[in-house]
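Below is one structure; the comments refer to it alone.
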Amino acid sequence: STIATTAITSPAAIMEEQPPPSVNEKRGEPYNVVCTHITADFDTLASAIGLAKLWTLGIYHEHEEEKDEDDDNVKEADENKDEDDDEDTRGKRIVDGPLPTYVVLPRGAHPDVQRFLSLHKHLFPIRSLKSLPGFSDADLKNNHHHNDHDDRNPQSPYRGLQRVGLVDAQRRDRLGPAEILLPHAKKGVTIVDHHVDAESDIPEAVNYIVEPVGSVSTMIAERLRNAGNARRKHGGFETKVELTEAEATLLALGIHSDTGSLVYDSTTAKDATMLGWAMEMGASQAAIAEHAKPSLSDEQQTVLTQALINVNSTTIRGVTISTVLLSADGFISGLAAVTKDALDLSSSDIFLLAVCYEATRGNRGGGGGKKGKTNGNKHGNNNNNNN
């Protein structure tokens, strides 16, 4: 039987067209990757795009203190760079400076984000894992055969990988299939997050940037603004960070998404400031109005109504926890948005929603397995689990 999905109609494009970013496709050439968490929302997508822009310009915040202390050594390092690169062609090639940086969505996106990307994906350096330089389906299927020594092989898909970034998450299970990149990042893994109480299980991480703000997009927008104000020099040329309309709009959507348009308790003054800056940089108000608060489909409205009717609530140490278990004829997309609305309408602190349905497609031996989705958290930190 066919699994039911929610149909989403895409409006006409409402942002000016810019040419897609240029990237270096040569096999083995150095590059960086920034990953969103699985089932990407606007905040993780926007912050990944913003971090990729910084890295493309060679702006790596983990080196800021070192650059202040070691300015006298920069020229000497630059003089030796070409020689080092030539000597390193037989081993792990480690390169700093401006590099092509790709954004990977490891396992899809929320329906509202998919809708946005259906119109504007070509404006961003978004790639699938298998479309990264040197990668193939066979590499991904046989990733357990790769180890550090493979990076020295000119044919290794990991040979050019310099840095890996993870935004809006700190744990391996939030990376999905992109986890295979972690041990091959020659300059290590950078984590950018706003969940200050979260614990990371990524030993490859060498740089943590965690701040108590409402969204990671705020953190990245601030760094883009500061980089634009600073007179950073690369190769003798002064670089100023300028955002395209699409980039500014996406950053604004990221802040809107994780702060509830600046009304969630976790919202800070910095979130409001950086939202204003994104608007100054040319964010499209029409696009924000179109995507910031997507309306629920009829199918999602039905789930919301049933959830509010059948909810069970209990209070533990002053925290109101609401749970509801529903059944459906098939898969229903966009349950994160439904759960967020249920959380707000029920005045709960935590809302757990599960919708179960018979997964008949692909079953073998007559097994009638079931799947459920659980989404919760007022601030949009939703987890989608298949059981």
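The values are calculated or read from the model by the stated rules, or taken from the named source; none is laboratory data. None of these values were measured; they are calculated from a predicted model. Please note: Cβ atoms are built from the backbone with ideal geometry, for glycine as well, and neighbour counts cover all protein chains shown. In case anyone asks, the SASA skips ligands and DNA or RNA and just uses the protein heavy atoms, side chains included. Shrake-Rupley method; radii C 1.70, N 1.55, O 1.52, S 1.80 Å.
Of the numbered conditions (1) without any contact (Cβ under 8 Å) to a residue 40 or more places away in the chain; (2) closer than 30 Å to PRO125 by Cα; (3) not basic (Lys, Arg), ILE316 satisfies every one except a single condition; which is it? Single failed check for ILE316: (2). Would you confirm whether or not segment 181-189 contains a residue that is part of a loop (DSSP other than H, G, I, E, B), among the hydrophobic types (A, V, I, L, M, F, W, C) and crowded, with 18+ Cβ neighbours inside 10 Å? Taking every residue of segment 181-189 in turn, at least one turns out to be part of a loop (DSSP other than H, G, I, E, B), among the hydrophobic types (A, V, I, L, M, F, W, C) and crowded, with 18+ Cβ neighbours inside 10 Å.
Residue check: is ASP201 among the charged types (D, E, K, R), over 20 Å from LEU166 (Cα atoms) and either surrounded by fewer than 19 Cβ atoms within 10 Å (Cβ to Cβ) or modelled with pLDDT under 90 (or both)?
The answer is no for ASP201.
Of the strands (runs of 3 or more DSSP E) entirely within segment 318-387, those holding at least 1 residues that are modelled with pLDDT of 50 or more, open to solvent by less than 50 Å² (accessible area, probe 1.4 Å) and closer than 23 Å to ALA169 by Cβ occupy 350-358.
Close Cβ contacts (under 6 Å, 6 or more residues apart or on different chains) running from residues in segment 113-127 that are among the hydroxyl-bearing types (Ser, Thr, Tyr) to residues that are part of a loop (DSSP other than H, G, I, E, B) and open to solvent by less than 10 Å² (accessible area, probe 1.4 Å) are absent.
Residues are listed down the side, and each one gets a yes or a no for (1) under 22 Å from the mean Cα position of the chain (by Cα); (2) closer than 20 Å to LEU117 by Cβ; (3) at pLDDT 95 or above:
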| position | (1), (2), (3) |
| --- | --- |
| ASP258 | yes, yes, no |
| ASP271 | yes, no, yes |
| LEU275 | yes, no, yes |
| GLN285 | no, yes, no |
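Please indicate, with yes or no, whether at least one residue in segment 82-101 is modelled with pLDDT of 90 or more and buried (at least 24 other Cβ atoms within 10 Å of the Cβ). Yes, because at least one residue in segment 82-101 is modelled with pLDDT of 90 or more and buried (at least 24 other Cβ atoms within 10 Å of the Cβ).
Need the failing condition index for VAL263 against (1) without any contact (Cβ under 8 Å) to a residue 24 or more places away in the chain; (2) in a helix (DSSP H, G or I), just the number. For VAL263, the failing item is (2). Just for segment 204-231: of the residues that are part of a loop (DSSP other than H, G, I, E, B) and either at pLDDT 90 or above or not hydrophobic (A, V, I, L, M, F, W, C) (or both), which one is surrounded by the fewest Cβ atoms within 10 Å (Cβ to Cβ)? Only one residue tops the list, namely ARG231. For segment 282-312, a residue qualifies if it is assigned to a helix (DSSP H, G or I), without any contact (Cβ under 8 Å) to a residue 60 or more places away in the chain, over 21 Å from ASP258 (Cα atoms) and not hydroxyl-bearing (Ser, Thr, Tyr), and the qualifying residues are ASP298, GLN301, VAL303, GLN306, ALA307, LEU308, ILE309, ASN310.
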